[in-house]
Amino acid sequence: MIKLPSGVSKNNLISNLRSLSWEASDTLLYYSQILRDENIKSNILKNVDFDNPVTIADLKVNEIIIRRINEKYEGVNWEILSEENAKNASNFCKKNTDWLWVLDPLDGTKDFIQDTGNYAMHLALNYKQRPLIGLVLIPERGELWITDGEKVWGEKKDGSLLNPQPSSKNDFNKMAVVTSKNHKNKVLKTLVEKIHFNEVITMGSIGCKIASIIRGESDMYISLSLPGKSSPKDWDFAAPEAILKAAGGLITTIDNKELIYGEKDYEQGGILIASNDRLTHSSKCLRIKEIIRNYNICPIYN
């Protein structure tokens, strides 16, 4: 049993995190409404870079979460790693500290701008470079998934609870895989086709994808990053990994190794597999690796 930093009560911490998450939800929903008005939409966009868009909503939620944690827990020996702050300074926090908050204030910014509803807020508390506590907020569904490091549950803003219901499907031809909507990858597309899943679902936000596995609406997510190309980062995976692991699933490398956080440039590259069932996860990874090798899909990962 891992003990939280001195002076931090788990029950109070979860209560405070729940409160700041719903505050973040109100903020994201407010700006999503503004984005639907083409006459003022441009006022919300902070840049026009399609690959790395930033909106006022990203920055506002970033500010809210960091301020609330610092107000409630002044003097606690932990650091906060945020996607938005990491873009502006490489050394704004000590990334290898024992306790590290990992925040993505708006995962799926492209989907947020496109009004698909598939965007989320991720917040995780890592201990020794591994996620312990995690929250994934999906505002358009009015849904918050929480793990306290032991159990996981979902809830609505009114406090009503949602039970995780991941499937235990093990046959690829009966499983649904969820893939990225805006990050096109021909190698991954070929791999997914060769695996012969029963269904392919496209969706933005890794948090939304992992939540779909927890609900039982999909069964697997594959992230494939080619050398020299962009990769997901720590803030994309920390909170989703925490909730999926607590729900009985896993996220690992294709070699069935744990993700390590706080590495160079916070990158989570290579091939990562998220699946519905920890008991069959390693066999799924092995079968995917065999398919890659048999079809010579991505030689660098053979």
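The values are calculated or read from the model by the stated rules, or taken from the named source; none is laboratory data. Treat the numbers as computed from the prediction; the structure is a model and nothing was measured. Every residue, glycine as well, gets a Cβ built from its backbone with ideal geometry; the counts of neighbours run over all protein chains shown. Only protein heavy atoms, including side chains, enter the accessible area calculation; ligands, DNA and RNA are left aside. Shrake-Rupley method; radii C 1.70, N 1.55, O 1.52, S 1.80 Å.
So which helices (runs of 4 or more DSSP H) stay within region 30-127 end to end and still have 1 or more residues that are modelled with pLDDT of 95 or more and more than 26 Å from residue 202 (Cα to Cα)?
Values: elements: 56-72, 83-88, 109-114.
In region 30-127, the matching helices (runs of 4 or more DSSP H) lie at 56-72.
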From the option list 134, 154, single residue qualifying as open to solvent by less than 20 Å² (accessible area, probe 1.4 Å) and either of a type in the set (Asp, Glu) or closer than 18 Å to residue 275 by Cβ (or both) is 134
Region 187-216, residues that are of a type outside the set (S, T, N, Q) and under 17 Å from residue 289 (Cα atoms) = 187, 188, 189, 191, 192, 193, 194, 195, 196, 197
Inspect region 28-46 for any residue being in contact with a helix residue (DSSP H, G or I) (Cβ under 7 Å, 6 or more places away or on another chain), basic (Lys, Arg) and more than 21 Å from residue 122 (Cβ to Cβ) and give the result as yes or no.
-> yes
Pairs where the first residue, in region 283-296, is under 12 Å from residue 172 (Cβ atoms) and the second is assigned to a helix (DSSP H, G or I) and basic (Lys, Arg), C-beta under 6 Å, 6+ apart = 291/194
Of the residues that sit in region 164-187 and are in contact with a strand residue (DSSP E or B) (Cβ under 7 Å, 6 or more places away or on another chain) and farther than 25 Å from residue 115 by Cβ, which one is modelled with the lowest pLDDT?
-> 187
Considering only region 184-236, state which residues are over 17 Å from residue 143 (Cβ atoms), in a helix (DSSP H, G or I) and either free of Cβ contacts under 8 Å to residues at least 40 places away in the same chain or over 12 Å from the mean Cα position of the chain (by Cα) (or both).
-> 186, 187, 188, 189, 190, 191, 192, 193, 194, 195
Look at residue 255 and say whether it is more than 24 Å from residue 14 (Cβ to Cβ), touching a residue at least 24 places away in the same chain (Cβ under 8 Å), open to solvent by 10 Å² or more (accessible area, probe 1.4 Å) and among the acidic types (Asp, Glu).
-> yes
Could you tell me which of the residues 219, 171 is open to solvent by 10 Å² or more (accessible area, probe 1.4 Å), among the charged types (D, E, K, R) and more than 25 Å from residue 105 (Cβ to Cβ)?
-> 171
Just for region 128-173: of the residues that are closer than 21 Å to residue 203 by Cβ and assigned to a loop (DSSP other than H, G, I, E, B), which one is farthest from the chain's Cα centre (by Cα)?
-> 169
Assuming residue 187 fulfils every condition listed in (1) open to solvent by less than 10 Å² (accessible area, probe 1.4 Å); (2) touching a Cys at 6+ places or on another chain (Cβ under 6 Å) apart from one, which condition is it?
-> (1)
Residue selected from region 260-279 under the condition under 24 Å from residue 165 (Cα atoms) and open to solvent by less than 30 Å² (accessible area, probe 1.4 Å), by the criterion farthest from the chain's Cα centre (by Cα) | 277
Of (1) out of contact with any Pro (no Cβ under 9 Å at 6 or more places or on another chain); (2) among the acidic types (Asp, Glu); (3) part of a helix (DSSP H, G or I), residue 241 satisfies every one except (1)
